Amino acid sequence: MDEPLDLEHDAPADGLSAPAWAAFGDLMAGVLGAFVLVLAAALVGQLDLAHQLQAEVAQREAEQARREALEQALAGPLAESLKAGLITLAEGRIGISGAVLFATGSAELHGDGRALLKRLAGPLRSYLAQRDEALMVSGFTDDRAVVTGQFADNWELSAQRALTVMRVLTAEGLPPDAVFAAAFGPQQPVASNDDAAGRALNRRVEIAPTPRPQRAAAASAPASAPAR
């Protein structure tokens, strides 16, 4: 007569059943998959960061090249004005003392100031002809209240002075679409307003090159349908 089967000896020697091994394998596969996803996300993040850094470096290099090009364009033709301190060149910005251009509280140009802007227009016109850039003309004042009554406040005075300079430059041949005015009033002083010397430095007009707004969106916009 056959002896009964000993079922206990048919179980795996390590004590784990087949379903347990399958569950353990699924768990390890899940852990490995999660690790791969985390690693991939980290690599993508590093690549994005590297691209951002490269873009920032390229932008800074372009700004530096733009400043140097402007300074080179003006150094020769305006050497006397630079030497006399009528204008300054710093970080690609052309600074003109307010006293050279205007009387206190006024936006009407002095004769000498108009002559200076005319000398400045030629080199700026040549500079713009070689680059797809624009010029921002910015007006600044000190923090003393306007007392002439012609302007409501320093914001309005600085705006009108910037517009006056902009109009002279465009009248001298600079493209009107490449020059725009900005007003800063008493904001962004370059010296203390506690004494007359500092206030005189803060009353100024600055001209700085800036990239033109992108025109790609306007160029790619579909033409409007003709009227019926």
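Structural remarks
- Index of the failed condition, V100 passing every other in (1) farther than 19 Å from D142 by Cα; (2) part of a helix (DSSP H, G or I): (1)
- Some residue of segment 99-117 being surrounded by 15 or more Cβ atoms within 10 Å (Cβ to Cβ), of a type in the set (S, T, Y) and over 22 Å from G198 (Cα atoms): no
- Among the numbered conditions (1) farther than 16 Å from A134 by Cβ; (2) within 26 Å of the chain's Cα centre (by Cα); (3) open to solvent by 40 Å² or more (accessible area, probe 1.4 Å); (4) not polar (S, T, N, Q), the only one that R167 does not meet is (1).
- Residue check for A191: open to solvent by less than 40 Å² (accessible area, probe 1.4 Å), free of Cβ contacts under 8 Å to residues at least 24 places away in the same chain and closer than 18 Å to I87 by Cβ: yes
The values are calculated or read from the model by the stated rules, or taken from the named source; none is laboratory data. Because the structure is predicted, anything quoted here is derived from the model rather than measured. All Cβ positions, even for glycine, are placed from backbone atoms using ideal geometry, and neighbour counts span all protein chains on display. We work out accessible area using only protein heavy atoms, side chains counted, and drop any ligands, DNA or RNA first. Shrake-Rupley method; radii C 1.70, N 1.55, O 1.52, S 1.80 Å.
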